[in-house]
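I have placed the structure first, in the form of structure tokens, so that the comments after it can refer back to it.
A short reminder: the numbers here are calculations on the coordinates, not readings from a lab. If you're wondering where the values come from, they're calculated on a predicted model, not measured in any experiment. All Cβ positions, glycine included, derive from the backbone under ideal geometry; neighbour counts span all protein chains shown.
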Amino acid sequence: MESVGDEKKIRALFSELKIADEQTAPAFTAVWQRAQSRSMKPRRAFNLSFAVATALLFCAMATLAVLSIRSQRAVPASASATMSATPDSFAPRSDKGSNVAVAVETPKDSSPPVKIRVAKSSQRHAQEIAANSQLAKEAKAIESWQSPTADLLSSPSDGLFKSLPQLNENANELKSFLPNRENEKEK
Amino acid sequence: MTRSVSVKTDGMQITELKAELERLHSASFGWALSCCRRDQTEAEEVLQTVYLKIFEGKARFGGESSLKTWLFAVIRKTAATEYRRRLLRSFRLTGDPEEIVERAAPNESQSAGYERSELQGHFQSAMKSLPKRQREALHLVFYEDLSLREAADVMGVSIGSARQHYERGKKRLRESLATMELGYGISWGRKENPSAV
């Protein structure tokens, strides 16, 4: 019973509040017209947050592009260094030197990046030539190398072991290669 | 009672919709006030945004529920969005969290649009002390005369959940009003307190 009474009291307080709100409520037509006028206004084309997000995205993409270009440049340089160490390039290339000389002389009147590039390439060529000449010397040394124990393997009968009978030799000479069976029979 | 009509915001039906909105305007304003913590300026702004949404066709009435519950649900969502936006804007402008709380809180002078009686003032402060869901359930049932099912539709919860919010809110409101009654010697129903005389 008490809760029903309380509910009535709460309802009475709410209805009192409602009456007060109705008195202060703005007119419908005014609110509606303001809403209509707001819909007529052109929307702001520039969105700051969207612009900032786009700029950040652009910066990130540019950074990635620069990094990828740098890594691509680094890979061919290391590859050429490994290629110069292979046995195919042992022989010294005398004609490269002239190319280098030409390349060094020409970039005098060109822009600074070209100069740097030419200087770098000439330096690389000089390094390659030096490496090749050293490798050729080492190859010659390997050819004439002998083992220190090679003398121990040689013996006086090496000539007999290494020689073969000729087809046009006479029978007596051939007999010397056969085992002595007749002597065994006499025994 | 609300009339369940299929309304679209294009063609000839806009006039019918406008008439329905006009009929529900004062109730909508009361609900917007409740959603905006009794801030009249904010409530008006929210209502204007809701009408704009309906006018532009961003909010469409599908006819699944009554127009009143649909409109109230739109008001509730718009008020929440506006509150978040205002909070973000104030955070961007000031960056001081304490100032943000002050700005986000409703202006007492604005909310007191009329001369409140003492009991009404206590009642409103008791309502403010309630959790949001409980306050919404009580407002929809007592102020807007909606059934619990309709209140649940507006709040976007199940009817069981709405009933729980309603019962708990009613209990807490009764308790806080009783405490105030004891503290200030105010009697319910505006009866004179014999002990005070």
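Values for this structure:
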{"quantity": "Counted residues, the range B:138-179 - those being among the polar types (S, T, N, Q) and either buried (at least 20 other Cβ atoms within 10 Å of the Cβ) or in a helix (DSSP H, G or I) (or both)", "calculated": "4"}
{"quantity": "Matching residues, the range B:17-26, being facing chain A (nearest Cβ under 9 Å) and either acidic (Asp, Glu) or crowded, with 22+ Cβ neighbours inside 10 Å (or both)", "calculated": "B:22"}
{"quantity": "Selection within the range A:18-39 - in a helix (DSSP H, G or I) and more than 7 Å from chain B (Cβ to nearest Cβ)", "calculated": "A:19, A:29, A:30, A:33, A:37"}
{"quantity": "Within the range B:10-42, considering residues that are in a loop (DSSP other than H, G, I, E, B) and not small (Gly, Ala, Ser), the one nearest to residue B:71 (Cα to Cα)", "calculated": "B:24"}
